[in-house]
Structure formats: structure tokens, C-alpha cells
Amino acid sequence: MLTVAALAHTLWNGLADPGVALAFGTLIALGELARRDAARQQPAPLGSAGALAYALLGPNAGHPTQHGVLQTVAVAVAAALVGIVPHIARGRCPAPDHLARRVLTVAFAAVCFQPLYNSGRLEDRVGQGPYLVLFLIFLLGLTALCDAVLAALLSGARTGWPFGPLLRDELRAQLGIGSAICATGVVIALGVAVAGLWAVPVFSVPLVLTQLSFHRIAAVRTTYRQTITSLARATEIAGYTRPGHARRVAALGCAVGRELGLSERELTVLEYAALMHDIGQLSLVDPVPDGATAGLPAAEARRIAGLGGEVARQTGVPAEVAVVVELQAEPYRDQPVAARIVRAVNAYDDLVGGTRHPGGSLEALERLRLGTGHDYQPEVVECLARVLARGGRARVVPVPPG
């Protein structure tokens, strides 16, 4: 509704300062074109910085501008739509809720700044000196908070995960590329105020370089995760565990971890440990039937877990991952949270996938509840039950190899 109102208002009244609108619209469109994967929920750094700079733009080379809130939204939306056309042609269109978040965030920044600037109250009360910079930084903080709240609300509505941990993760994400986006937006707005539109391409270069660095880091992390996933499949290929067992434990374990409110880093450690939790079985002469370690004697389960921890340390994974693998067979009171989750989810998948509980997930959960006095943490088991209630049995269907 906001987009329709903004476009209708701009078409009816025409563009104020069309040269400025064209310059910032071009920057936003190029930013969208430069995205590696438009289907992901992360913002396009250059496009987001351009939209934010246009929302916080005051004078242009000392000459006042006249665009308001609705024109800011209209230019940002129109330019973004132009930029995502090639992505749509490749089948990588951003999700509608992500586009709505972009519109609302830009509108929030514009509402906080443009009425004050156009009415002259901003110059009367703040001036053009350092107080203006402090005011813009304050607005950036509010805008970042607004964006984080919107992202957490949308993610919570889509997944059903708790709002608090989602908001915490979104706020932490703002400290990464989000801080670079905000800083670039303010620098462009202040640069245009003094030097004119030439400041738009000049001050965009640092963010482009930062974006390239983030892409390289993301590529390294993706390769690292693929390596761990391939290593985890060694037990399946060797016939020690059932096909897809490690991936199911990792996916269901991360869902339980989110239900418990773990941070992104803790979820990463949990995922890696869940993928590698059976790696110790490669040292066994006689494989465990179906790879189900949940029914083994405690001493044997601890021995296999200890061997797995040694293997994990030699692969170069973070030390926390090896600790989780090593302690997964201990009583839950002696385990970190990630190990408690891995133990419970691994036991659940073993029970559902094996032949000891043909009744399926309900009987498997009851078996876990019976072991909450010593083996499984009650909170973890109940979180697992809630996750399964939302997702049904789709998460525990055996996945064919490859």
C-alpha cells in the first residue's frame, strides 16, 4: 500500500530534482544488479546504501532539494525493481516479505529526516556542523533497529522460531555488513551536500570493495561446510550409518537449537558437531547395527564418542565442535547445550529409523522422556517435540545418498 501510494503521488506530481533522483536511482539499480543471489534475505549492500543516502539527503552542493518521503520510497522501489529484473529472468526473485522490509526501512529513515529538513526545522535546531553528523548517526541507529525488528518479525512469522533470539542475531548481523551500509549511506549524503552528485560514485567504492571481501569470506565458509558434510558422509559410504542420518540430525538439531534460543555461532558449532557425531564409528572393526549408538552400553558409547572427538580435532574444526562430539555420550548434566541436543536428536533418529519402535515418533519421544532423569535434558526433549509437532515427520524421512 505504501509503494502504491508513493508511486501514484510521484506520477501525479512529477519528480522533484529529477537529476538527483536519477543519480540515486541508478546507484540503487546497480546495487541490485550486483547481488550474487537475489533469492537470499540479505540486503544488496550498494543498493541499500543508495536508498538510505537518498532518504537522508539534504542539500545538493549547497542547493536545497525538494524530494519528500513518498518520492524517496517511489525512487527506491522503482530502481530496485529495475535492478532485480535480470534476477527474475534467472528465477532468483527476492521474496515478497524481503521487498516489503526494504520499503518499510527506507520509509522509516525518510520519515525521520525529510519532514525536518524540508520544513527548515533541522537547520534551525541542528545546523550544518558536527551536530548534524551526530543526528544522522542517531537516525542510523534507529533505522538499523527498525530493520532488525522487521527482519526478526518476518523470520519468526515464517519459521515459528522465538522472536528474542532472532532479534539478537539480526542486531549482531548489523555490526557486519550492516554497519558498512549505514556508514556509506551517511557519507554519500554528506558528500553530496558539499560536492554534489560526483560524491555518489566516489564514496560508493569502499562499500563495493567491502562487498567483494564479504563474498570471498562467504565462499570460504561455504567450501568449509561442504568439506565437513562430505567428511560426515564417510560413515554412510562405509556402511556404518544409515543414509542421510547425519544430515537429518544436523537439520533437526539446528531447529531444536533455534527453539532453545542459541546464537548463530552456537548453531554453527551445533551443525558441524551433528554432522560429525558418528565419525568415531570408522574406527570400529564390527559396525554397530544400523549405526544406532543410542542403544549401546554407556562405556562403549563414550569410547566411540571419544574416538570421534580425536578425529574431529585433526580435521581443523573449531575446538568447540570436537568437545561436543567427544561429550555427546555423557550424562546431560556434564554436557554443553550443543552436546545435549546432538545426543537427544541422534537418539530420536536412531529410534525412528530402526526397528525397535515401529510406532514411530510418538513412541520414540516417550522413550526419550523416560531417559530425562539421566541421559536427556527435559527442555531439549520438549523442544524437540514442539519442533516435530510443527514440522511433522517430514524431517525424519530417510534421505537417499547423494
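FYI, it's all coordinate maths here, none of it is from the lab. As the structure is a computational prediction, the values presented were derived from the model and not from experiment. Virtual Cβ from ideal backbone geometry, glycine too; neighbours counted across all protein chains shown.
Listing for the model above:
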{"read-out": "Selection from Ile88, Gly58, Leu365 lying farthest towards where the dipole of the chain points positive, charges on Cβ", "value": "Ile88"}
{"read-out": "Two-site label geometry, His9 and Ser119: point separation in nm, points 7 Å out along Cα→Cβ", "value": "1.5"}
{"read-out": "Cβ-placed point charges (K, R +1; D, E -1), dipole of the stretch 67-219 about Cα centre in debye, nearest 20", "value": "340"}
{"read-out": "Among Ile279, Gly253, Leu30 - extreme Cα towards positive end, dipole of the chain, charges at beta-carbon", "value": "Leu30"}
{"read-out": "Net charge dipole size for the chain [Lys, Arg +1 and Asp, Glu -1 on Cβ; Debye, nearest 20]", "value": "520"}
{"read-out": "Full-stretch length increase - Leu22, Arg172 - with 0.36 nm per residue and alpha-carbon distance subtracted", "value": "50.7 nm"}
{"read-out": "Whole-Hz couplings from phi, Karplus 6.51/-1.76/1.60, listed for the stretch 135-143; x for Gly and Pro", "value": "5, 5, 5, 4, 5, 4, x, 5, 5"}
{"read-out": "Simple spin-label estimate for Ile217 and Glu366 in nanometres, 7 Å along Cα-Cβ", "value": "5.0"}
{"read-out": "Calculated from backbone phi, Karplus (6.51, -1.76, 1.60) coupling profile of the stretch 177-188 in Hz, x at Gly/Pro", "value": "5, x, 5, 5, 4, 4, 4, 5, x, 5, 4, 5"}
{"read-out": "Helix-only [θ]222 nm of the chain, DSSP H runs n ≥ 4, -39500 (n - 2.57) each, per residue, nearest 500", "value": "-22500 deg cm²/dmol"}
{"read-out": "Amide hydrogen neighbours beyond the local backbone of Asn60, cut-off 5 Å, H modeled", "value": "Thr65"}
